[in-house]
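Here is the structure we will look at, set down as structure tokens.
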Amino acid sequence: MALSLPAIMRTTAARLSALYFLLFALCAVLLVLYMTSLSARMLTAQTQETINDEVLGLARAYQRGGLPVLVRVVEARSRQPGANLYLIADTNGQILTGNVQSLEPGVIETEGWTTEPFSYRRFGEGELERQRSTPADQNETQPGQNEVQAEGEKGHNAIALVLRLPNQMIMLVGRDLGEPERFRAVIRRSLMLALGMMGLGGLLIWFFVGRAALKRIDSVSEASRRIMGGDLSGRLPVTGAGDEFDRLSENLNAMLARIATLNEGLKQVSDNIAHDLKTPLTRLRNRAEATLSGKHKTTDYRQALEGTIAESEQLIKTFNAILMISRLEAGYSSESTSRVDLAAAVRDVVELYEPVAEEAGVTLESSVVGDFAVNGNRELIGQALSNIVDNAIKYSTDATGKPAVRVALGRVGGEVRLSVTDNGQGIPDDADRARATERFVRLEKSRSQPGSGLGLSLAKAIMTFHNGRLDLLPANPGLSVVMGFPARENH
């Protein structure tokens with residue numbers, strides 16, 4: 001997949017980033033508008049307060065000396081640097097004094113605060129414009145009107161309070177909006193610049209994060225294609241960042257490892273079935289051929305059929321064990337679980353195998369004290385214990401002294417341990433002890449003992465089903481097979 005913008009936009013990460021960016025941009029624009037409006041309102045309120053203070057001062061001057069004193073105060077204040085707007089006009093709107101040369105038409109016609117900022121020109125401004133104007137142009141317009149027209153985009157703006165004096169003359173006190181407008185423009189530019197920088201940063205982060213995410217997805221896709229091509233040893237990349245991609249890769253890698261283990265087990269089962277079941281099937285065929293060749297008595301046919309049935313039963317048991325192992329290892333089992341008294345299960349198995357041990361010349365003894373309860377399936381646990389005890393009896397006959405098998409049950413921490421120990425030759429090699437629980441594995445080279453090599457494998461599958469463990473430990477002499485069950489909590 002090419003790392004292009006359309007490819008990035010098709011990713012969930014990029015779409016979420018775009019959605020967050022749009023939400024952020026909307027919030028930022030609303031913030032700019034709010035801050036600009038708030039600053040404008042604050043500056044306007046401050047300007048109106050200043051004008052009100054000026055009007056109060058002029059009102060006191062008018063009360064002291066009437067119009068002459070008011071005119072002198074207005075002229076004095078008009079000449080101060082950075083003065084407000086002052087204007088006194090007659091009843092016809094003719095400007096008598098102040099620092100305003102021209103106004104936007106209609107400003108002094110309405111008493112009170114001006115509803116909108118108006119344009120004006122102070123004395124001394126607009127000389128260059130008047131010099132550029134032709135006499136014809138001047139004749140076509142009324143005096144002062146061309147200045148207002150020339151003001152246009154370059155004129156000053158202000159707000160003012162228009163008052164009627166007792167003699168019906170007009171007084172205007174205003175304030176230029178240049179400084180508030182510049183302040184508001186600075187705020188607007190600052191916020192827009194901040195918005196632009198944050199937007200650019202968001203776009204860059206969006207692009208590079210989307211690109212990095214797409215690279216991770218591409219690497220996962222490439223590894224997946226190799227795995228689907230048959231390379232089950234391949235694994236998804238894990239960067240170590242601990243993010244959701246790593247967690248997903250780790251879970252999928254665990255799943256792949258499980259699949260690889262099951263496939264390897266299936267391959268081993270297929271190979272072992274082909275190898276170990278070939279012998280009993282060959283015996284069945286040879287027995288049938290030997291019986292059919294020549295003339296035999298009825299008793300001979302009967303013996304042949306009985307042998308065939310015995311071999312068939314052994315094959316059926318083998319296949320049942322294989323199916324049981326596969327079902328338990330895959331985690332799909334209809335077997336129900338409940339409270340199981342391990343002490344009672346041990347007593348039942350020991351009682352069952354005492355005649356077998358006695359016939360083989362093996363001493364079978366048990367050491368069970370107390371009540372040991374676990375969550376499990378009694379039949380499966382009994383089958384696993386029976387397989388282990390049967391193996392111990394068979395292989396303890398190689399002991400140099402008196403053959404003996406001991407079954408013990410106890411608790412170690414939060415685990416209930418059931419051990420079956422014999423004093424035979426044991427399995428001295430650690431690698432052989434690990435292999436002994438695999439399917440169809442028989443460490444006995446001569447294979448003189450009966451069996452299919454599935455006993456310990458089935459016991460291990462049963463222990464896995466019970467969330468337990470099966471350990472093969474050296475007993476010096478002999479072998480100790482330990483079944484570890486999670487202890488059942490008392491309720």
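The values are calculated or read from the model by the stated rules, or taken from the named source; none is laboratory data. Since we're looking at a predicted model, the values are computed, not measured. Every residue, glycine as well, gets a Cβ built from its backbone with ideal geometry; the counts of neighbours run over all protein chains shown. For the accessible areas, the whole protein counts, side chains as well, though only heavy atoms, and no ligand, DNA or RNA atoms are used. Shrake-Rupley method; radii C 1.70, N 1.55, O 1.52, S 1.80 Å.
Brief remarks on what is shown
- Put simply, of 304, 290, 321, 310 the only residue that is assigned to a helix (DSSP H, G or I) and at pLDDT below 75 is 321.
- Against the test of being within 30 Å of residue 91 (Cα to Cα) and touching a residue at least 60 places away in the same chain (Cβ under 8 Å), the options 198, 169 yield a single qualifying residue, 169.
- Leading residue by the ranking (farthest from residue 463 (Cα to Cα)) among those in region 394-432 that are hydrophobic (A, V, I, L, M, F, W, C) and buried (at least 22 other Cβ atoms within 10 Å of the Cβ): 405
- Among residues of region 461-491, those that are buried (at least 20 other Cβ atoms within 10 Å of the Cβ) and in contact with a Gly (Cβ under 7 Å, 6 or more places away or on another chain), counted: 6
- Odd one out for residue 84, checked against (1) in contact with a Lys or Arg (Cβ under 6 Å, 6 or more places away or on another chain); (2) open to solvent by 30 Å² or more (accessible area, probe 1.4 Å): (2)
The rows are residues; the columns are (1) open to solvent by less than 20 Å² (accessible area, probe 1.4 Å); (2) modelled with pLDDT under 85; (3) at negative phi.
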site: 102; (1), (2), (3): yes, yes, yes
site: 128; (1), (2), (3): no, yes, yes
site: 132; (1), (2), (3): no, yes, yes
site: 145; (1), (2), (3): no, yes, yes
site: 153; (1), (2), (3): no, yes, yes
site: 160; (1), (2), (3): yes, no, yes
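- Of the residues making up region 29-47, none is without any contact (Cβ under 8 Å) to a residue 12 or more places away in the chain, under 14 Å from residue 161 (Cβ atoms) and of a type in the set (D, E, K, R).
- The residues of region 45-74 that are touching a Phe, Trp or Tyr at 6+ places or on another chain (Cβ under 8 Å) and open to solvent by 60 Å² or more (accessible area, probe 1.4 Å) amount to a single one, 48.
- Contact map, region 387-403: residues that are of a type in the set (Lys, Arg) paired with residues that are modelled with pLDDT under 85, Cβ distance under 7 Å, separation 6+ or inter-chain. Pairs shown: 394/449.
- Residues in region 21-44 that are surrounded by 15 or more Cβ atoms within 10 Å (Cβ to Cβ) and aromatic (Phe, Trp, Tyr): 21 alone.
- Condition met for residue 91 (modelled with pLDDT under 85, open to solvent by less than 20 Å² (accessible area, probe 1.4 Å) and either among the hydroxyl-bearing types (Ser, Thr, Tyr) or closer than 17 Å to residue 165 by Cα (or both)): no
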